[in-house]
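The values are calculated or read from the model by the stated rules, or taken from the named source; none is laboratory data. Just so we're clear, the structure is a prediction, and the values are computed from it rather than from any experiment. For neighbour counting, all protein chains shown are included, and Cβ atoms are generated from backbone atoms with ideal geometry for every residue, glycine included. Keep in mind that these areas ignore ligands, DNA and RNA; they rest on the heavy atoms of the full protein, side chains included. Shrake-Rupley method; radii C 1.70, N 1.55, O 1.52, S 1.80 Å.
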Amino acid sequence: MSVFNATREITMQAIRYISLLCLTLGLSLSVSLQAEQISIDIDNAIVTEHRTEINGQRVNYKAHTGTQPVWDDNGHPTATLFYTYYQRTDIKDNTKRPLLISFNGGPGSASVWMHIAYTGPKSLVIDDEGFPIQPYGVKANPHSVLDVADIVFVNPVNTGFSRVLPGPDGKMPSREQQQKMFFGVNADIRYLAAWVNTFVNRYERWPSPKFLIGESYGTTRVSGLALALQNNEWMYLNGVILVSPTDIGIERQGPVKAANRLPYFAAAAWYHQALASDLQQKDLYDILPEVENFTLNEYLPALARGNSLADAEKQRIAGLVSRYSGISVQNVLRANLDISTAYFWKELLRDRGQTVGRLDSRYLGLDKSDIGERPDYWAELTSWLHSFTPAINHYLRTELNYKTDIKYNMFGDVRPWDSSNDNTGENLRQAMAQNPYLRVLTQSGYYDGATNYFDAKYNMWQLDPSGKMKDRLSFKGYRSGHMMYLRSEDLKKSNDDLREFILQSLPATGQAAKY
């Protein structure tokens, strides 16, 4: 029982005794007991010391868990952001040691996913394919990149324990005011850039090489932050990592949007053995180049032709789309060659009475009815919340000793979100052009149907259409979904790829940032 609850119980017992006495004496009593309002500390940190083993090497580190404010132009705190900062302590000089600044997405998602499942010193207790098992919790992550970089996991406003604060008048800002301050593509980037500046100042990390990593909507966030940090905070980066990226403001509508889905369809159908036997006998890595070639050279032009496409050619294209997607020729034709992702998730295994997941199509769901155009729910998301929610709450409060009654928001209220003027892809290109040190790595899972891997490749191709910087852009794919690191084999592979990228993005001694 908490001190507050214990005190309240004693007080209530006293009130009941006094009430009984007053009743006996014929007196009246009026008592009001009000609980203290739950609030988060605006500016604090709890420091704990730990030891782990990464790649066979012992690593000692500190975990700084706490909150740091966001201020307005008048120096008044407008919000406080919850963060966890892992700092290796057996390094004498951190001026050359990289700092990895980590964001998840949503928008409205806490930084829980990559924190306790990907790059951090702890990983989620799940099976080898990423499914929940009990008892819930975390274990040592032998693949963490903490051996080569310190890491800070940042929770934007209303995620995790991060919260909006009252104004100078003691009143909470209106929803409209909150949106202008926090809840939009550009507002988000603006306040987070200032927050990162404060963090780097406090922890004396200005000399360090710096990297941003974002997952899902976090890729929009870090793409915009790359330029905002350079132009507004005068902070230059060495690398940006895009994990399962969004469109980052790069247009892909109409035929391009439709065609780009097919390689993902092929991967998901192959995983569920829903393709023709000759394709199933091949390895995934042998099939995908074939499908990508068809997509770019035949499927995309056919979609662009629309009703001018000859009937015989339309039939031929439909046959190949069916072959690579696992959807019947009849239904491909009914859809005018354009299969929506929602329909694919419902249709692929309809005959088996199952649906496939959106963010990771390895996961299976059960709908109330087998008819319909889309699944009832996202099987992968319910599975992830099943295992992540108890794990992060227990880990923060017990192992990191961060005690609070504030609810940890896995997903926070950030709607309506202002998505206008999203120029984050162009911002990232401009940041790269201005900074010869800056490199970009994209990581995608082949079974991700929400931010599919071929869209991620398309982003990379369109980010620098001149090709002058393409040697600083790289792509890595994995046999898993949106959170590729949930699969044990890919947890190691994705961290190894990230570690290699970080080390290769560090300039040689004396190497100047110039063209």
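Points worth noting:
- Scanning the stretch 437-470 for residues that are open to solvent by less than 30 Å² (accessible area, probe 1.4 Å), outside any helix (DSSP H, G or I), touching a residue at least 24 places away in the same chain (Cβ under 8 Å) and more than 26 Å from residue 381 (Cα to Cα) yields a count of 4.
- Members of the stretch 60-76 that are open to solvent by 30 Å² or more (accessible area, probe 1.4 Å) and either among the aliphatic types (A, V, I, L, M) or under 18 Å from residue 188 (Cβ atoms) (or both): 71, 72, 73
- Within the stretch 416-426, tally of residues that are open to solvent by 20 Å² or more (accessible area, probe 1.4 Å) and of a type in the set (Gly, Ala, Ser): 2
- Residue count, the stretch 202-216 (criterion: open to solvent by less than 10 Å² (accessible area, probe 1.4 Å) and not in a loop (DSSP other than H, G, I, E, B)): 6
- Flag for residue 513 being over 29 Å from residue 263 (Cβ atoms), in a helix (DSSP H, G or I), of a type in the set (A, V, I, L, M) and open to solvent by 30 Å² or more (accessible area, probe 1.4 Å): no
- Count of residues meeting criterion [open to solvent by less than 70 Å² (accessible area, probe 1.4 Å) and of a type in the set (D, E, K, R)] in the stretch 353-397: 5
- Residue in the stretch 293-314 that is on the phi > 0 side of the Ramachandran plot and either touching a helix residue (DSSP H, G or I) at 6+ places or on another chain (Cβ under 9 Å) or open to solvent by 10 Å² or more (accessible area, probe 1.4 Å) (or both) present: yes
Results for (1) among the β-branched types (Val, Ile, Thr); (2) in a helix (DSSP H, G or I), shown as yes or no for each residue.
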residue: 200; (1), (2): yes, yes
residue: 218; (1), (2): no, yes
residue: 228; (1), (2): no, yes
residue: 245; (1), (2): no, no
residue: 255; (1), (2): no, yes
residue: 279; (1), (2): no, yes
residue: 295; (1), (2): yes, yes
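- Residue that is least open to solvent (accessible area, probe 1.4 Å) [pool: residues in the stretch 398-415 that are closer than 15 Å to residue 160 by Cβ and not in a loop (DSSP other than H, G, I, E, B)]: 409
- Among the candidates 491, 506, 473, the residue that is in contact with a Leu (Cβ under 7 Å, 6 or more places away or on another chain), among the aliphatic types (A, V, I, L, M) and open to solvent by 10 Å² or more (accessible area, probe 1.4 Å) is uniquely 473.
- Residue check for residue 470: basic (Lys, Arg) and over 23 Å from residue 507 (Cβ atoms): no
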